[in-house]
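The values are calculated or read from the model by the stated rules, or taken from the named source; none is laboratory data. Small disclaimer: the values here were computed from a predicted structure and weren't measured. Here Cβ is always computed from backbone atoms with ideal geometry, including for glycine, and neighbour counts include all displayed protein chains.
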C-alpha cells in the first residue's frame with residue numbers, strides 16, 4: 001500500500017469511534033409507523049472471530065453474527081432489494097415484498113469480499129457496497145484478517161459481474177474530518193461536486209456504470225452536498241440516522257439500521273420488523 005493510502009487508512013481507523021457519535025446522537029430507538037417500508041441495513045467490517053483490537057469498535061461484527069443474520073433473512077422469507085428497487089419504490093411507487101431489506105456495506109473493506117460475498121451468493125441475495133475511490137487499489141491486496149484492507153477493482157468487478165453486489169459512491173477522498181466535523185460539511189460546493197465527479201470517472205475507467213447512490217461518510221450531509229449529488233446523477237443518498245425508508249422518504253436523505261456487534265437475533269429481528277409498529281414520523285433526527 002502506498003504511503004498516501006497508509007495515511008488515509010490510519011485516518012479512517014482513528015476516526016471510527018468519533019463517527020459513532022453521529023449515530024449515538026440519533027438515539028437508540030427507531031421511528032415507526034404503519035406504511036410499506038424497507039429496512040436498509042448498514043454493515044461495515046466483518047472479522048473472522050472476536051479479537052481484542054476490535055473489542056470496542058462499533059462497526060466490526062463477527063463472521064458468525066453475519067452468518068446468523070443472513071440465515072435469519074433467508075429462513076424468514078426476506079427479499080433483498082437492489083438499489084434500483086429502492087429507487088423505484090420511492091420515485092415510481094413500485095410494490096415490493098412486505099419483508100424487504102437493502103443490505104449495505106460502507107467503506108468497501110475487503111472483508112465484504114472474503115466473508116460476506118460467498119454467503120450472499122449462496123443465498124442468492126443482493127447487496128450494495130459504498131466505495132471510497134481514493135482507497136481502492138487496482139489489484140488484490142494481501143488480505144489481513146486482523147487488519148483493514150480495501151476491495152480492489154479486480155474484486156469489485158468480479159462481484160459486480162456476479163449480480164450479487166452492486167457499488168455506490170462513498171466519495172473519492174472526502175472520508176475524513178475537518179476539525180470536529182465530517183469534511184463534507186466544511187468543503188466548498190465546487191470541491192464536493194468535483195469529488196463526486198472524480199468518483200464517477202473512476203468507476204467508468206474500470207468498466208463500471210456511474211453510481212446511482214452515495215453513502216455519505218459518517219452520514220453527514222447538508223444542502224450543498226445534496227445539490228452536488230443531484231448534479232452528478234445520484235438518485236439515492238444514505239445516512240446513518242436510524243430509521244426506515246418509506247415511499248415518501250427524501251431519496252437523498254435515507255435512514256438506515258446500523259448493525260452493531262454482539263446484537264442477538266431477537267434484537268436483529270426487532271430492528272427488521274419495527275417499521276410497522278407504534279406510529280411515529282418519518283425522516284426525523286432522533287434524540
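Structure notes:
Yes or no, residue by residue, for (1) in contact (Cβ under 8 Å) with a residue 40 or more places away in the chain; (2) part of a strand (DSSP E or B):
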| site | (1), (2) |
| --- | --- |
| 145 | yes, no |
| 155 | yes, no |
| 167 | yes, yes |
| 172 | yes, no |
| 192 | no, no |
| 195 | no, no |
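This table checks each residue for (1) within 23 Å of residue 210 (Cβ to Cβ); (2) without any contact (Cβ under 8 Å) to a residue 24 or more places away in the chain; (3) loosely packed, with under 14 Cβ neighbours inside 10 Å.
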residue: 47; (1), (2), (3): no, no, no
residue: 72; (1), (2), (3): no, no, no
residue: 91; (1), (2), (3): yes, no, yes
residue: 103; (1), (2), (3): yes, no, no
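- Conditions (1) under 26 Å from residue 160 (Cα atoms); (2) touching a residue at least 12 places away in the same chain (Cβ under 8 Å); (3) not in a loop (DSSP other than H, G, I, E, B); number of the one not met by residue 241: (1)
- Answer residue from the stretch 74-89, given it is part of a helix (DSSP H, G or I) and within 18 Å of the chain's Cα centre (by Cα) and is surrounded by the most Cβ atoms within 10 Å (Cβ to Cβ) among those: 86
- Residue match in the stretch 19-29 (condition: surrounded by 13 or more Cβ atoms within 10 Å (Cβ to Cβ), modelled with pLDDT of 50 or more, in a loop (DSSP other than H, G, I, E, B) and in contact with a strand residue (DSSP E or B) (Cβ under 6 Å, 6 or more places away or on another chain)): no
- Test: residue in the stretch 63-79 that is within 26 Å of residue 235 (Cα to Cα) and either modelled with pLDDT under 55 or in contact with a strand residue (DSSP E or B) (Cβ under 8 Å, 6 or more places away or on another chain) (or both): yes
- Taken across the stretch 200-208, residues that are surrounded by 19 or more Cβ atoms within 10 Å (Cβ to Cβ), at pLDDT 95 or above and not in a helix (DSSP H, G or I) do not occur at all.
- Every test in (1) farther than 17 Å from residue 86 by Cα; (2) surrounded by 19 or more Cβ atoms within 10 Å (Cβ to Cβ); (3) modelled with pLDDT under 95 is passed by residue 275 save one, and that test is (1).
- Scanning the stretch 217-238 for residues that are outside any helix (DSSP H, G or I), buried (at least 17 other Cβ atoms within 10 Å of the Cβ), without any contact (Cβ under 8 Å) to a residue 40 or more places away in the chain and out of contact with any helix residue (DSSP H, G or I) (no Cβ under 6 Å at 6 or more places or on another chain) turns up just one, 221.
A quick yes/no check of all residues on (1) surrounded by fewer than 21 Cβ atoms within 10 Å (Cβ to Cβ); (2) touching a strand residue (DSSP E or B) at 6+ places or on another chain (Cβ under 8 Å); (3) modelled with pLDDT of 95 or more; (4) more than 23 Å from residue 52 (Cβ to Cβ):
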{"site": "108", "(1), (2), (3), (4)": "no, yes, yes, yes"}
{"site": "111", "(1), (2), (3), (4)": "no, yes, yes, no"}
{"site": "128", "(1), (2), (3), (4)": "no, yes, yes, yes"}
{"site": "132", "(1), (2), (3), (4)": "no, yes, yes, yes"}
{"site": "144", "(1), (2), (3), (4)": "yes, no, no, no"}
{"site": "147", "(1), (2), (3), (4)": "yes, no, no, no"}
{"site": "155", "(1), (2), (3), (4)": "no, no, yes, yes"}
{"site": "159", "(1), (2), (3), (4)": "no, yes, yes, yes"}
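- The stretch 161-199 - residue that is more than 18 Å from residue 233 (Cα to Cα) and in contact with a strand residue (DSSP E or B) (Cβ under 6 Å, 6 or more places away or on another chain) and, of those, surrounded by the fewest Cβ atoms within 10 Å (Cβ to Cβ): 186
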